[in-house]
Every structure is written in C-alpha cells, then in structure tokens.
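Following: one structure in structure tokens, then a few remarks.
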C-alpha cells in the first residue's frame, strides 16, 4: 500500500473516463465515487452515471432535463450563489437522479406490467372475442373459451395489433409472452397463431389530429420474432431491457397461418398476453413535452424511502438504517483495534472519505 498511487491523477482525463465507463454495474460506479473526494468529484463532473444510463437505455437520450421534487411536490432549488457552485449542485443532483434510476432499472423484480387493454385493430365477435380476454390466463371462464380473435382475411399478409396500457408511465420491459389460441371446438383443433411478432413502445399523442389515424408516438420498435404454431405460452425476450416512456405497448401480429374451415378465411387468435418488467413509479415520473417528444424526468425524494418493488426475500433483508450505521461505526471499530496493537497510526481522513447518505446507502 505504501507504493499505491491514484491512477486518476496519473492518467489523462480521456483515458480515466474510458476505464470508468467499462463498469457496467451501477453499484460499482457509486462505490468508485466513495473512494475519495477527488474520485467522487471526477465521477460527478463527468456525468458518468448519466452516461451509464444512456448506454443501458438509449430511450433516455430524449430527456430534456431532470427535476428533483421535495416532500411537498415542489422542485428543489439550489441556494443563491456563484455560477460555479450552482453548476456543481446541478451536477450533484443529476448524479443522484441517474444513479437512483439505473439502480431501480436493474434491481426491480419481474411482474406483469399490463394495467388494461386499449384496443385491437379488429375483432371478429364483440364482446365474446374481445381483447380483454387476453388478460385472463385461463382458457375457460364461466364455461366459455377465453380468447381474442381478429377478423377473417383472405390475404395472409394482413397484420393485426393489440395495444395495452402499462401499470405506469415509466417501466422497464424485458419480455413479452403470448399464447396463441387453439380452437378445440373446431374440427382438427386448429391453432390460430401468427407467423411472427414485433413490439412497439411509446406514449399517446397529446393532441389528436382528426386526419391522423395514429394515436401514439412510438419510441422503440423491437426486432421481429418468429412465432410457432403451438398452444403454449411463447416467450419473447427483448435483446436488451427497454425503458418504456409513456406506458403504451403494442403487439404487432405479422402473417396468418391458419384458415377457418367454415369460411376459408385466415384468422389470428390469442388467448393470453403477459408483459414482464418493473414499474419505476412512484419514485420516478415523466412529463412528455409535445410536439418535440422530449420529456422531463422527475424523481420524488419522499417516494424514495419506499421499495420500488417487493420480493419474497425482503423479509430477510437487513434494514437500510442498520447498514448505514454499520458503515459509520467502521472507523470507530478500526480505531479500537488499532488501539490494542498500539503501533499503527490512525491515518483515516474523514474529509477525504466523506460520502453522503445517498452514496452510502447505494454502495451497500
């Protein structure tokens, strides 16, 4: 340790930045900022937490600004001071918000994120074959088959869409699961799957133009996934987790494979849809600014004291205040041990290793 040196002070800024940007775990990045005051200042000044968020979730490139709300729901304003101090307070705020955001995105427990249905591009028989049936995992409800059916088409290339509202306006989505419907009441028990599926995420348009049929702005479109003609829950995992800003998800069902014997037309039928991910609300919310499509990312300080999601292991977790107290007591414990040894000088520099409660809690 006597020959150890601070590599950030030995390397040029670009090289140091490249090294730190290799960290892909947000907790590691916050731990880096706890090493010393100079490292903390470097991480904050170079907006490394924000850059990590942008690398993991390109959808954040549309953030116009970030806002921190106090317990009364009002914006946090920095005290009047020099322009340099104001700029530093702004950088610290951004560091906090993006670090909390990336932690929330990577630590949420998977849940079904569908809140309700919005509509289908077509429906064969209403209400018996409504899109609402796709929220029910059971094949039979009240003695009837539960599924959505499109209109029949002679052209196999006519697509269909199912559109859903998610549980909050800001969610992380990792996987969409779809079960095609098998019509056991028809001869041969045909399965009315699509050839492939694709997913879109976005937000509603603030003002609807009567001449514009599209009601949504899509900010993400997935690759196309092949669907098999099998009566099972088929899982379509996205290449990377997607931050859905606006809380709208649309499933595109592309290509028809099954004709109905009764009329010779091609149909697509779905019995169940599940969207796996996590909600980032209430700690985070967004205000979408139209017509630009950029948005304001807001973090509620009061909501931060509540867990974003719960898991079955939460009952065994160590309370956060106990962990924080343990870190604060670490210096005292070391001092006592060194007192017994009697030959080692205490070189602990409180000012150099000072961290705030946010970084302390996150790093643990």
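A Förster distance of 56 Å, applied to the separation of the beta-carbon atoms of residue 54 and residue 153, puts the FRET efficiency at 0.85. Ordering 83, 222, 146 by the number of other Cβ atoms within 10 Å of each residue's own Cβ, fewest first, gives 83, 222, 146.
FRET efficiency for the residue 140 to residue 196 pair, using the beta carbon distance and R₀ = 25 Å, is estimated at 0.35. Each label was represented as a point 7 Å from its Cα along the Cα-to-Cβ direction; for residue 86 and residue 189 these points are 7.1 nm apart.
Spin-label pair residue 205-residue 289: with each label point 7 Å from Cα along the Cα-Cβ axis, the two points sit 2.1 nm from one another. Extending 7 Å from Cα along the Cβ direction at residue 232 and again at residue 21 yields two label points whose distance is 4.3 nm.
Rule-based calculations on the coordinates, nothing more; no lab input. Everything quoted here is computed from the prediction, not taken from an experiment. All Cβ positions, even for glycine, are placed from backbone atoms using ideal geometry, and neighbour counts span all protein chains on display.
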